Structures are given as C-alpha cells and as structure tokens.
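Visitor: Next up is a structure, given as structure tokens.
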Amino acid sequence: MFSKDSYRALLSLALGKGYRFIGFEDERPTDADRVIYLRHDVDLFPDTALEMAAINHSLGIRGTFFIHL
C-alpha cells in the first residue's frame, strides 16, 4: 500500500544506491547507468501529487508531473 513514508524510503534507497533522477526534458546522459526518469500521472488526486512533489523537493529529486484533463 502506498504511503508517504514508503515513497520517501523508496526514493532514499535509490539515492543511496547511486541513482540519479532526471527529467524527461533533460538531455539523455551518455552514462545511462543508474538513471531514473520519475513520472507521476496526476488524474484523480492532485493533493497527493503536491505531497509527492514536496517529498521529491526535500530529497533534491526531480520528477515530471503529467496532468490528465
């Protein structure tokens, strides 16, 4: 089950393993090892997306949010 704590723990684990988070608009790195494109599809719960963005920001992680209309 999703929780803010489990989301933060998952991101922290990835950072600890040396993964980098980049945006879809970023140039593709030549060393594509340990790169994560973090995508959030926002359709039903925009408040949750805002909370996830705050967690991303607190960890220095970039993510891309797609808003479904």
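The values are calculated or read from the model by the stated rules, or taken from the named source; none is laboratory data. Note that the structure is a prediction, hence the values are computed from the model and not measured. Cβ: placed from backbone, ideal geometry, glycine included. Neighbour counts: every protein chain shown. Just the protein is used for accessible areas: all its heavy atoms, side chains included, with ligands, DNA and RNA removed. Shrake-Rupley method; radii C 1.70, N 1.55, O 1.52, S 1.80 Å.
Visitor: PHE2 - would you say it is without any contact (Cβ under 8 Å) to a residue 40 or more places away in the chain, out of contact with any Leu (no Cβ under 8 Å at 6 or more places or on another chain), of a type outside the set (Asp, Glu) and not in a loop (DSSP other than H, G, I, E, B)?
Guide: no
Visitor: Out of the residues in region 21-40 that are open to solvent by 30 Å² or more (accessible area, probe 1.4 Å) and touching a helix residue (DSSP H, G or I) at 6+ places or on another chain (Cβ under 9 Å), which is nearest to PHE66 (Cα to Cα)?
Guide: ILE36
Visitor: Restricting attention to region 41-59, which residues are open to solvent by 100 Å² or more (accessible area, probe 1.4 Å) and either small (Gly, Ala, Ser) or at pLDDT 90 or above (or both)?
Guide: Matches in region 41-59: ASP47, LEU50, HIS57.
Visitor: Would you call ARG62 on the phi < 0 side of the Ramachandran plot, in a loop (DSSP other than H, G, I, E, B), in contact (Cβ under 8 Å) with a residue 40 or more places away in the chain and open to solvent by 70 Å² or more (accessible area, probe 1.4 Å)?
Guide: Considered against the rule, which asks whether it is on the phi < 0 side of the Ramachandran plot, in a loop (DSSP other than H, G, I, E, B), in contact (Cβ under 8 Å) with a residue 40 or more places away in the chain and open to solvent by 70 Å² or more (accessible area, probe 1.4 Å), ARG62 comes out as yes.
Visitor: Being touching a Phe, Trp or Tyr at 6+ places or on another chain (Cβ under 9 Å) and charged (D, E, K, R) is the filter here; which residues of region 12-32 pass it?
Guide: Selection gives ASP26 alone.
Visitor: Applying the selection to region 5-20, what residues are open to solvent by less than 90 Å² (accessible area, probe 1.4 Å) and either part of a helix (DSSP H, G or I) or among the charged types (D, E, K, R) (or both)? Walk me through it before giving the result.
Guide: Of the residues in region 5-20, the ones open to solvent by less than 90 Å² (accessible area, probe 1.4 Å) are 6-7, 9, 11-12, 14-16, 18-19.
Those that are open to solvent by less than 90 Å² (accessible area, probe 1.4 Å) and either part of a helix (DSSP H, G or I) or among the charged types (D, E, K, R) (or both): SER6, TYR7, ALA9, LEU11, SER12, ALA14, LEU15, GLY16.
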